[in-house]
Amino acid sequence: MRSVLLAGVQSGSGKTTATLALIQYLLAQKQTVRGFKSGPDFLDPLWHRKLTGYDSYNLDTRMIGADESQTLLLQAQSQHSDVAVIEGVMGLFDGREGVGKNGSSAHLAQTLSLDVWLVVDAKGMSGSIVPLVYGFMHYAKKTNVRISGIIANRVGSAHHAQLLKAHLVEHDLPPLMAWLDKSVPTLPERHLGLVKPDEHPLPDFSQHFHVEVDDLIETIPKLKKQAQALLSYDKQTNSERNKRLNNKVIAVAYDDACCFIYPANIDWLKQQGAEVQFFSPIAGDPVPAGSDALWLPGGYPELHARALENSASWTSLLDFVKSGKPILAECGGMMLLGKVLVDHQGKSWKMADILPIETKMQDKLASLGYRECTEGDFSGLKGHEFHHSTRTELEELTSVFVVSRGDKGIDQANIKASYIHWYFASAPQAASQFFLI
């Protein structure tokens, strides 16, 4: 399997557009493509899946870890995929700490031996592409990262593209692989990133994506690690992990209010022996009968507050709480359990009235960053926090997570709730406790 990481000079360079355009091009060449996303984003992978038909998995060296990231790539290889296209996060060297260190696209490329194609916003630029690419390439070399190609975005014309291409060749820099013209369509965004694919048609980038090499596919290097390395992982999955959730039925809320789910978390539940049953609070579905535990993921409850206020799910949800069975509520899922949700327009909507909290949307970011439990029952568990709402606790509540930074959450009876989206495989023993009495 071939693989390449598309990284930007900075956020807004056009990584998502370039990634989707490249995937469309490869699919037109009859390639089987798998999309991946560097970092903890939920929305970009949905667009990858819309194109490829396969779940797009998150990779990074901070939350997911190098070994798990490599395994996810190798799994795609073992499933006879032709090309893995990995969309970077922020700028190439932006991460959790330092320059090109933990959590950055550069660190992922370094750790997994991935070639990088640098996405450059070339609007209003000609010769200046040289010192820009030179600086990125030479700093990348210092960290054993190889930038092997350039994709230029928002290029003014074919003549403009040829100028950029010639400058790169003249100064012995990575070649221009392809370019996107200035009329390339873009995807609409809202407060947490791109809109979901079911809200906007997928653009056809074929008339805007211009290839500048003879055989683009052949320029994408083959993955250096081999699928045989999966054998040891499979043995670990089937023996060491020992099916911590064997025969458990896990109810998972899944709709537009609860749509922020890492595909790897669903895989993990099943690997642990659990049966997963989905239901929709927006549709008013009851919690599936016979469920042993409940997971309420994050999403966009604020966009569906009217339907949620009148949801028929609340009766069965309250019954489930009274049963004493475990509940994990993350971000938007936690908001569902509160008394009131105040939307961006200042209108209050009643929620399930199970937790004594009110949540309120605001126009500015409330919190963002990686999170990790440092001690206690959930020690080692890693996740990510990203939200525009704030929580007001209407009575004194007990926190549940010991984190150096971020939301310490709520521990009430059988409910574990917080703004953090957890990555279960980061600490399997800890994560299993969410779903066990």
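The values are calculated or read from the model by the stated rules, or taken from the named source; none is laboratory data. The model shown is predicted, which means the values in this text are computed figures rather than measured ones. No Cβ is skipped: glycine too gets one built from the backbone with ideal geometry, and neighbour counts run over all protein chains shown.
Before moving on, here are some points about what is shown:
- Strands (runs of 3 or more DSSP E) completely within the range 319-370 that count 3 or more residues being farther than 22 Å from residue 292 by Cα, at pLDDT 95 or above and not acidic (Asp, Glu): 340-342, 348-350, 357-361
- Flag if residue 411 is touching a residue at least 40 places away in the same chain (Cβ under 8 Å), surrounded by fewer than 18 Cβ atoms within 10 Å (Cβ to Cβ), under 18 Å from residue 293 (Cβ atoms) and among the charged types (D, E, K, R): no
- Qualifying residue in the range 334-342 (condition: surrounded by 24 or more Cβ atoms within 10 Å (Cβ to Cβ), out of contact with any helix residue (DSSP H, G or I) (no Cβ under 9 Å at 6 or more places or on another chain) and assigned by TED's automatic domain parsing to the domain that holds residue 384): yes
- Considering (1) farther than 21 Å from residue 248 by Cα; (2) charged (D, E, K, R); (3) surrounded by 15 or more Cβ atoms within 10 Å (Cβ to Cβ); (4) touching a helix residue (DSSP H, G or I) at 6+ places or on another chain (Cβ under 8 Å), the lone condition that residue 371 does not fulfil carries the number (4).
Results for (1) among the acidic types (Asp, Glu); (2) in a loop (DSSP other than H, G, I, E, B), shown as yes or no for each residue.
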site	(1), (2)
26	no, no
63	no, yes
68	yes, no
71	no, no
81	no, yes
101	no, yes
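- Close Cβ contacts (under 7 Å, 6 or more residues apart or on different chains) running from residues in the range 280-301 that are touching a residue at least 40 places away in the same chain (Cβ under 8 Å) to residues that are acidic (Asp, Glu) and crowded, with 22+ Cβ neighbours inside 10 Å comprise 296/330; 297/330; 298/330.
- Where helices (runs of 4 or more DSSP H) fall wholly inside the range 126-224, the ranges with 2 or more residues that are closer than 20 Å to residue 13 by Cβ, modelled with pLDDT of 95 or more and aliphatic (A, V, I, L, M) are 129-142, 158-170.
- Residues that are touching a strand residue (DSSP E or B) at 6+ places or on another chain (Cβ under 9 Å) and within 14 Å of residue 32 (Cβ to Cβ) within the range 72-94 comprise 75, 76, 77, 79, 81, 82, 83, 84, 85, listed in sequence order.
- Residue in the range 354-362 that is in contact with a His (Cβ under 8 Å, 6 or more places away or on another chain), more than 28 Å from residue 427 (Cβ to Cβ) and surrounded by 13 or more Cβ atoms within 10 Å (Cβ to Cβ) present: yes
- When residues of the range 105-124 are limited to those that are touching a residue at least 24 places away in the same chain (Cβ under 8 Å) and assigned to a loop (DSSP other than H, G, I, E, B), the one surrounded by the fewest Cβ atoms within 10 Å (Cβ to Cβ): 123
- Residue tally, condition under 24 Å from the mean Cα position of the chain (by Cα), of a type outside the set (A, V, I, L, M, F, W, C) and in a loop (DSSP other than H, G, I, E, B), over the range 371-405: 5
- Residues that are under 15 Å from the mean Cα position of the chain (by Cα) and surrounded by fewer than 19 Cβ atoms within 10 Å (Cβ to Cβ) within the range 57-95 comprise just one, 65.
- For residue 433, the conditions (1) modelled with pLDDT of 95 or more; (2) more than 30 Å from residue 72 (Cβ to Cβ); (3) surrounded by fewer than 18 Cβ atoms within 10 Å (Cβ to Cβ); (4) not small (Gly, Ala, Ser) are fulfilled apart from (2).
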